[in-house]
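First comes the structure, then the notes that go with it.
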Amino acid sequence: MSLSTITREAALGIGVLGVTFAAGVYIGKSYLTYQRKKSQKMFDGADDPRRTYLLHLSLREHPSAKRLRQHLLGTASQEVSSDAAQLLANLAKLTNAKKILEMGCSYGYNPLVLALVLPSDGKLISHVRDAEDVSHARQFWREAGIESRIQVNGKSEEQTLDDFISAGEAETFDLIFINMAGQTHCRKYYEKCLRLLKSRGILAIDGVLCNGAVLTKNSMTDKVQSIQQMNEAILRDARVFISILPLADGLMLCFKL
């Protein structure tokens, strides 16, 4: 075998080894990146065993609330976020809240959980789009002994907020929960909610992720754009401290200064 042949074979072998090494490095990096992203992901879905484990260790659900949630699983179009409702109830309890406004399509579950932590003279106004939304919940409210603390309001969101402002109830609410999903006037609702909220009160906004649609820059609907613009505006709002949690469809907590 000639020297030139050996040299060519050696060069070919070195080349093959180089390609193999490079491919191994690439695959290794890709795998590590995948594993890192996978480990950083919060949950894969509602049935993720990690979420089930956390709920098992942290959810302290009143029997009536549990029965209502189980009832809603078969009838409601939107999943009840029991962990988000409990967090709001904990915050209401810690801040000694006595007056709460709940605006969203919770089918009566959130009002029940929140009303349970109110004092006997406390009041929760629950806005519903249709009285049918909470018709089944009333029996569970009665079971829990808190029906008298809940006042149902069937007016539109904007009319509800305007009526409270006109009635001189600005800065009288300790906690306001509003579901912004599907709204097209989010910043306007945010401003009105902030007017009604006491100093050191809490405004909780659900739906700030729009099921991930806020990440899309092109072909946004007016509703998604409204949510995105509100999120950006709140980030720059010096009147509040904020946190966004991966609960429900993105839960933003605004603490009014």
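Would the stretch 234-244 turn up any residue that is within 20 Å of Ala84 (Cα to Cα), open to solvent by 30 Å² or more (accessible area, probe 1.4 Å), modelled with pLDDT of 95 or more and not β-branched (Val, Ile, Thr)? Taking every residue of the stretch 234-244 in turn, at least one turns out to be within 20 Å of Ala84 (Cα to Cα), open to solvent by 30 Å² or more (accessible area, probe 1.4 Å), modelled with pLDDT of 95 or more and not β-branched (Val, Ile, Thr). Residues of the stretch 131-180 that are under 25 Å from Leu91 (Cα atoms) and among the basic types (Lys, Arg): Arg138, Arg142, Arg149.
Which fully enclosed helices (runs of 4 or more DSSP H) of the stretch 90-187 have 1 or more residues being open to solvent by 50 Å² or more (accessible area, probe 1.4 Å), over 16 Å from Asp206 (Cα atoms) and modelled with pLDDT of 95 or more? Even if it seems obvious, please write down each step before you answer.
Numbers: elements: 109-115, 138-144, 157-166.
Once the helices (runs of 4 or more DSSP H) in the stretch 90-187 are filtered for at least 1 residues that are open to solvent by 50 Å² or more (accessible area, probe 1.4 Å), over 16 Å from Asp206 (Cα atoms) and modelled with pLDDT of 95 or more, what remains is 138-144, 157-166.
Check whether at least one residue in the stretch 234-255 is assigned to a helix (DSSP H, G or I) and either in contact (Cβ under 8 Å) with a residue 12 or more places away in the chain or of a type in the set (D, E, K, R) (or both), and report yes or no. There is at least one residue in the stretch 234-255 that is assigned to a helix (DSSP H, G or I) and either in contact (Cβ under 8 Å) with a residue 12 or more places away in the chain or of a type in the set (D, E, K, R) (or both). Figure legend. Inter-residue proximity from the stretch 131-146: first residues farther than 14 Å from Leu114 by Cα, second residues assigned to a helix (DSSP H, G or I), beta-carbon distance below 6 Å, spacing 6+ or different chains. Indicated pairs: Glu143/Ser64.
Quick check on my filter: what residues within the stretch 191-209 are assigned to a helix (DSSP H, G or I) and surrounded by fewer than 23 Cβ atoms within 10 Å (Cβ to Cβ)?
Glu191, Lys192, Leu194, Arg195, Leu196
For Ala213, state whether it is in contact with a Lys or Arg (Cβ under 9 Å, 6 or more places away or on another chain), under 15 Å from Gly182 (Cβ atoms), surrounded by 12 or more Cβ atoms within 10 Å (Cβ to Cβ) and without any contact (Cβ under 8 Å) to a residue 60 or more places away in the chain. Yes; evaluated as a whole, the condition is true for this residue.
The values are calculated or read from the model by the stated rules, or taken from the named source; none is laboratory data. Please read these numbers as outputs of a predicted model, since none were measured by experiment. Counting neighbours? That spans all protein chains shown, and the Cβs are built from the backbone with ideal geometry, glycine included. To get the accessible areas, we keep the full protein, side chains included, count just its heavy atoms, and leave off ligands, DNA and RNA. Shrake-Rupley method; radii C 1.70, N 1.55, O 1.52, S 1.80 Å.
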